[in-house]
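Any read-out appearing in this document is the output of simple, stated calculations on the displayed coordinates, not a laboratory observation. In this text, all values refer to a predicted model and were calculated from it rather than measured experimentally.
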Amino acid sequence: MKKINNLIIIPCKKHSSRLPNKNLKIFNNNTSLLEITIKQAKSLSFKNKIVLSSDSNKILLIGRKNKILTVKRPQYLTKKNSTLSDVILNTISTLEKRNYIIDNIIVLQVTSPLRKKSQIHSAFRYFKKINANSVMSVCETFSPMQWTNSLGKNLSIKNFMSKKYFGKMSQDLKKNYQINGAIYIAKTNIIKKYKRFYNIKKSYAYIMPKSCSIDIDTMLDFKIAESIAKIKNYHLL
């Protein structure tokens with residue numbers, strides 16, 4: 001058996017419905033989103049192994065060229081209803097069949113190019129310090145949740161907002177947080193048992209700034225992330 005204390009998992013599928021081939025898009029005329037994440041993962045001091053999970057042979061070849069482990073994702077995990085947890089559990093199971101024993105997993109999604117190495121280290125230290133079962137990165141919501149609601153077919157906003165929020169400034173409202181998709185950390189036995197990172201005992205949030213929390217899903221997200229990186233002269237590592 002081969003022991004892995006801390007396994008970095010990079011999930012990276014081939015297709016994206018709203019932004020085709022987004023994981024291989026070149027960011028700020030430099031390198032692809034995938035290779036940004038691989039480079040960042042390789043720079044982490046606490047890692048033992050890195051594994052790339054993908055349904056694409058082209059993407060898996062990039063992983064092998066970077067001398068990291070690869071797992072070919074089965075087709076049933078490429079569908080729209082496949083969850084991140086499904087992919088992570090498949091990756092763990094595949095490596096266990098290769099005789100690996102894994103203590104902790106750290107998931108870095110390719111679509112978070114503004115995540116910093118220092119933040120990953122900080123989240124992992126927090127995870128270890130408090131002996132958490134899981135830690136997920138979050139950021140403040142981009143708009144106050146009190147100003148949001150669903151809309152009916154007639155688009156009426158007659159009862160869109162509670163009266164208690166009328167005339168309130170955003171700074172007067174209670175802060176809310178959203179999962180930003182940048183960092184997921186968990187004990188392997190916990191993720192195998194509960195099949196999720198949250199709503200379990202000893203699961204905690206690691207707060208990141210909104211400026212580091214763009215999760216790329218559309219071309220607009222991509223352009224915003226590029227602009228932030230240029231303006232702030234980002235140092236991802």
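Some notes on this structure:
- Kirkwood-based Rg to Rh ratio, the stretch 24-76, C-alpha trace: 0.99
- Listed cross-link partners Lys2/Lys187; Lys3/Lys202; Lys175/Lys201 are compared with a 21 Å cut-off, the Cα-Cα value being larger for Lys3/Lys202; Lys175/Lys201.
- Counted over all Cα-Cα pairs of the stretch 77-139, pairs farther apart than 16 Å make up 59 percent.
- Whole-percent pair-distance distribution, where bins are 5 Å wide, for the alpha carbons of the stretch 1-155: 2, 8, 16, 19, 19, 15, 10, 6, 3, 2, 1, 0, 0
- Report summary: the helix-based calculation at 222 nm, which adds -39500 (n - 2.57) for every DSSP H run with n ≥ 4 and divides by the residues of the chain, gives -8500 deg cm²/dmol.
- Length, then width, then depth: along the principal axes, the Cα atoms of the stretch 83-237 run 60, 38, 33 Å.
- Rg to Rh, two decimals, where the stretch 134-224 supplies the alpha carbon set and Rh follows Kirkwood: 1.07
- Rounded to 5, the percent of DSSP beta bridges in the chain classed as antiparallel: 40
- Of all DSSP bridge pairs formed entirely within the stretch 1-99, close to 20 percent run antiparallel.
- Compactness ratio for the stretch 9-52: Cα radius of gyration over 2.2 N^0.38 Å (N = residue count) comes to 1.27.
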